[in-house]
Amino acid sequence: MSPSEKNRTLAYFSVWRLQNKITLFSLVAILVLSALFAAASILLPSIGTTEFIAFIVLIPALACLGIATCHSSNLESAKAQNEYKKLVSRMLEAESFQISLDRFFSISSDLMAVAGKDGFLKKVSKSLVDTLGYSEETLLTTPFFEFIHPDDREMTRKNIEALNMGLRSVGFENRYRTADGSYRTLSWSAAADADLGVRFASARDVTDERNFKSHVQQILGSAPFLLVVKDSEGVITNCNAAFARVIGFSRESIIGKNVKHFPNSEFISSFLEKEPVVLRSQRPFTFDEVLVNRGVQEKYLSTIFPILDHEGKAVSTGKISLNIDSVAEKYFT
């Protein structure tokens, strides 16, 4: 129930009580005046016409006032009862919604929370409790910023400011400290409700996913072969350190650049030249090639391969090349 509806319902009950008091006062006044007039008639037989007329006028007037206020009270009472029924209905709906929300929070595999503007969590899902390892009471009574990694707190504040401005947040990541002192990386989707003064958030634990990508990149970074992957628009989405050294740029500066930024690279040129064969067959294509590295011609065994989505459509292509001369020199001489 909104505050305005609540105030309106309380106003109905207040007016109703006032009208009942007026009705009661009018009826009591009639009885008192009637008793006084009767006593005066007995004790003062010489009561004059003026007093008699005043009594005749006053009694009906009070009676009419009582009847009018009684009728109005009945109308307001009906309104109040109607508002009361609506209030009870909304309370039952709210109770039912709360039960459903509690059940949803208890069975959802997503990590869900409701945060207030005071910096405390108001509600947390069982999955969030299990992931972080704290009791529900600890999560609800401790400012949630205390769980966030110190290096992530500033960007979390900025994200909250954006939410308070009415923006939605999707894929925002920060690290939360668990009960054993380790940190889990959570990817949040959140939105704020200005009327309720809370923020609703749902998260996924992407710690293992991020660790896996980091481990794979470390493996690729230490590998002796050259590796580059680009999407269908030609934007480089991944490469290893060996490729970056041959190109002459840092890996960080290469990621996100289009292959057109490296027109003088023989490695990229042969990649683009033979890529259509791979896209047509949707199968890897292996070949020998000679590339110039720091002014020296070197023989490479290269493979261009497609990366397919779940429907079997090629969404990216990659190239991997191994320096055959270097391998032969190391293992066969």
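Counted by Cβ distance under 12 Å from R251, the other residues give a net charge of +1, where Lys and Arg count +1 and Asp and Glu count -1. Using R0 = 51 Å, the C-beta based FRET efficiency linking D180 and D231 works out to 0.85. Other residues lying with their Cβ under 12 Å from the Cβ of L139 contribute a combined charge of 0, Lys and Arg counting +1, Asp and Glu -1. If the chain linking K257 and E298 were pulled fully straight, counting 0.36 nm for each residue of separation and taking away their Cα-Cα distance, it would gain 12.2 nm. Just how many % of Cα pairs in region 172-234 lie over 15 Å apart, if you round to the nearest whole percent? The proportion of pairs with Cα distances above 15 Å equals 70 percent. Working from label points 7 Å from Cα in the Cα-to-Cβ sense, the S326 to H149 distance is 3.2 nm.
Using a probe of 1.4 angstrom and keeping all protein chains present, the accessible surface of region 219-316 works out to 58 square angstrom per residue. What does the charge count near R199 come to, summing +1 for each Lys or Arg and -1 for each Asp or Glu among other residues with Cβ under 10 Å from its Cβ? It works out to a net charge of +1. Structure shown: which of K213/K260; K230/K260; K117/K158; K213/K274 lie over 23 Å apart, alpha-carbon to alpha-carbon? Table pairs above 23 Å Cα-Cα are K213/K260; K213/K274.
The values are calculated or read from the model by the stated rules, or taken from the named source; none is laboratory data. Keep in mind the model is a prediction, meaning the values are calculated, not measured. No Cβ is skipped: glycine too gets one built from the backbone with ideal geometry, and neighbour counts run over all protein chains shown. Surface accessibility is based on the protein's heavy atoms, side chains included, excluding ligands, DNA and RNA. Shrake-Rupley method; radii C 1.70, N 1.55, O 1.52, S 1.80 Å.
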